[in-house]
Each structure stands twice: as C-alpha cells, then as structure tokens.
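A short write-up of the structure that comes next.
We did not get these values from a lab; they are worked out from the coordinates using the rules stated. Worth saying up front: this structure is predicted, and the values here are computed from it rather than measured. Virtual Cβ from ideal backbone geometry, glycine too; neighbours counted across all protein chains shown.
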Amino acid sequence: MPELPEVEITRRRIAPLLVGRRISGVTTTRDSYLYLTPPAQLRRGLEGRLVTDLARRGKYLVATLDDAQRLLIHLGMTGQLFAETATSVRLLSATARQALAPEEQVRFAPDAHTHLQVAFDDGGPRVFLRDVRKFGKLRLLGPDEPEPRLDRLGVDALAVSGELLFAVSRRRKLAVKNLLLDQSILAGVGNIYADESLFLAGVRPTRRALRVTRAEFARIAEALVAVLRRSIETGGSSIRDFVAPDGSDGHYQDERRAYGRTGEPCLVCGTAIVRILVGQRGTHYCRRCQR
DNA sequence: GTTCCCCTGCGG
DNA sequence: CCGCAGGGGAAC
C-alpha cells in the first residue's frame with residue numbers, strides 16, 4: 001500500500017507519539033514472517049527503551065532507541081501505523097464498518113491484525129501497527145548491526161535526477177516502469193507514482209529503459225519529484241487502506257491522472273486510459289499521450 | 001530477465 | 001467463483 005509519500009506522512013505524524021517517549025510495554029501477535037525478529041525478542045528489546053529518532057529510508061521507517069538499537073519497520077501492502085486516538089473506518093474490518101451508522105465514530109480496538117501494540121510509561125496514547133496481509137516487516141537491529149535491506153537501497157526518489165536515471169538505464173532491457181520500481185536504483189517509488197510520473201512525462205511504461213532518451217529521463221525525474229512532493233502536501237493517497245497515524249485520509253487520489261483510471265478519459269486528450277500488466281503489476285497509461 | 005509466492009479481504 | 005490489491009524476495 002504505502003509508497004514514499006504515505007510512508008513520509010506516516011513518519012511525520014507518528015513521530016510526535018514515539019520520539020521522546022519511553023516504552024513500557026509491547027504486545028505482539030503470534031510468530032509469522034512479518035517478524036524478522038521473533039516477537040519475544042522484539043518485546044524484550046523494546047521494553048524500557050526511549051525512542052530518540054524516527055527516520056525514513058525509501059519505504060522503510062527506522063526508529064532509533066537510546067541504547068543504539070534500531071527498529072526497522074516496513075508497511076508492506078496493508079501496514080498501518082497509528083495512534084490509539086486515531087478514528088477512521090479504514091482501521092476497521094468490513095463487518096465492523098457495516099455495523100456503523102454513517103457518521104458514527106468508534107474507538108479502535110486491537111484486532112487479530114494488530115501485530116504490535118506499544119505502550120509508554122507516560123500513560124499516554126499507545127501506538128499500534130496493523131497489517132492485514134502481513135507483507136510488512138519488523139526487525140530489531142543491534143547497535144551497528146548491518147541490514148542489507150537498507151544497504152541495498154538506491155537514492156531517495158525525492159533526490160532523483162534525469163542524469164542518474166539515464167546513466168543506470170544504459171544496456172538495461174527492462175521496461176522503464178520496472179526501472180523506476182527497482183528500490184536499489186530509486187528508493188520509495190511504487191506502482192501509483194511510477195504510473196503517474198510516466199503519464200506526466202509522456203513516456204509509455206513498457207518502453208525499454210535503454211530506448212528512453214536523456215531528455216525523456218529528465219522529464220520523468222522532474223515529474224516524479226513533483227508528484228511525490230504534491231502527494232506529501234496532500235497527505236498521500238488513500239485509495240483502499242492508507243490512513244495517516246492520526247486517522248485522517250490523504251487526498252492525492254483525487255489528483256490521479258492514470259493509476260486506477262482504467263476506461264476513464266485521459267485528462268489531456270480524452271482517450272480511454274488502458275490497463276495492462278508490466279512485471280505482474282497493473283499498469284495504467286494513455287496510449288495517445290504516452291509513446 | 002520473468003514467475004511465483006508470501007496473506008487476507010473485497011468487489012464484480 | 002474469480003481477479004485484484006500503494007511490496008518485495010526467492011526460485012526458475
């Protein structure tokens with residue numbers, strides 16, 4: 001679910017509820033591959049620690065603790081990190097949702113998908129991590145313990161340049177969209193913002209990377225940064241699951257030009273947006289505007 | 001390079 | 001019932 005803008009919004013809004021607070025208790029669910037660190041070890045390592053920093057690397061969040069451990073968090077497709085005080089129907093199961101009157105607010109109760117509950121010694125609001133599909137990841141790193149997932153990451157997508165993309169794309173036969181999705185090249189781009197930036201740049205997602213010109217990569221890089229910045233400004237994309245830690249929705253979905261607009265008219269030329277598969281991912285583009 | 005898998009829920 | 005979903009990693 002979350003790409004760079006959603007992870008950045010999550011970071012900004014959950015940081016005040018983590019940084020400077022001391023963890024008094026941690027509850028986990030049963031072991032699964034969500035836990036790169038076994039839950040019991042995670043609880044032992046976190047309890048009693050003060051959180052000193054929360055940073056973003058690509059789509060990862062990294063919380064630093066006062067004993068120099070780091071907690072690595074990846075939200076996968078359906079991960080939600082939020083405060084106990086948040087109110088949003090996106091935090092409820094469909095059945096719980098249906099039981100609600102239209103404008104009713106209900107307090108979230110940790111459910112089977114709430115894999116992490118963190119309480120603090122100040123007695124204030126707890127922080128929850130919910131992840132229905134469990135594609136997310138949690139790992140507690142010892143001081144200076146290496147983490148290949150982080151070491152592999154390329155340049156943050158907000159800092160991309162056309163020259164960089166042009167340089168790494170020579171001799172690469174893959175579709176240009178898949179180049180943008182490669183986290184070892186660009187950290188933070190996912191399916192929505194890949195489609196959106198290629199639309200704005202007028203480049204077809206299936207074009208082989210080595211056939212994309214320097215000028216086109218300049219446009220792609222410019223579009224990508226603009227789209228990511230604008231999405232952060234508007235609170236990210238709340239299409240299915242994404243909800244900010246305070247319970248609010250993002251609004252970038254209202255500004256989408258390609259992603260998920262299959263059959264709808266291109267906002268530039270009116271041609272119906274088509275959906276194809278590129279590397280197993282749904283891909284949306286305008287066959288007239290994007291060549 | 002593709003292909004398949006991890007897992008759960010929703011909407012057609 | 002089937003296909004689909006803001007991700008990523010391992011196996012052909």
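Structure summary
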| read-out | value |
| --- | --- |
| Inter-label distance, nm, simple model (7 Å from Cα along the C-beta direction), A:D66/A:L210 | 5.6 nm |
| Karplus-derived HN-Hα couplings along segment A:129-134 (A = 6.51, B = -1.76, C = 1.60, θ = phi - 60°), whole Hz, x at Gly and Pro | 10, 10, 7, 4, 8, 6 |
| Sites A:A218 and A:C269 - FRET efficiency at Förster radius 25 Å, r taken between beta-carbons, to 0.05 | 0.65 |
| Among A:I276, A:I192, A:I73, residue whose mean-square fluctuation peaks in a GNM of chain A (springs only between Cα atoms under 10 Å) | A:I276 |
| Estimated [θ] at 222 nm from DSSP helical runs (n ≥ 4, -39500 (n - 2.57)) normalised by residues in chain A, nearest 500 | -7500 deg cm²/dmol |
| A:M77 paired with A:V225, simple spin-label distance in nm, labels 7 Å along Cα-to-beta-carbon | 3.3 nm |
| Alpha-carbon centroid distance for the pair segment A:187-257 / segment A:1-49, whole angstrom | 27 Å |
| Approximate shape of segment A:156-249 as ellipsoid semi-axes (Cα gyration tensor, √5λ), whole Å, largest first | 26, 12, 11 |
| Net length gained if the chain between A:F135 and A:T52 were fully extended (0.36 nm per residue, minus Cα distance) | 27.2 nm |
| Stokes-Einstein translational diffusion, chain A - Kirkwood Rh over all Cα pairs, 0.692 mPa s, 37 °C, in µm²/s | 163 µm²/s |
| Calculated FRET efficiency for the pair A:A159/A:S32, C-beta based, R₀ 30 Å, to 0.05 | 0.30 |
| Candidate aspartates and glutamates - alpha carbon under 14 Å from A:K173, same-chain residues fewer than 8 apart omitted | A:D182 |
| Reachable aspartates and glutamates from A:K134, criterion Cα separation under 13 angstrom, eight or more residues apart if same chain | A:D31 |
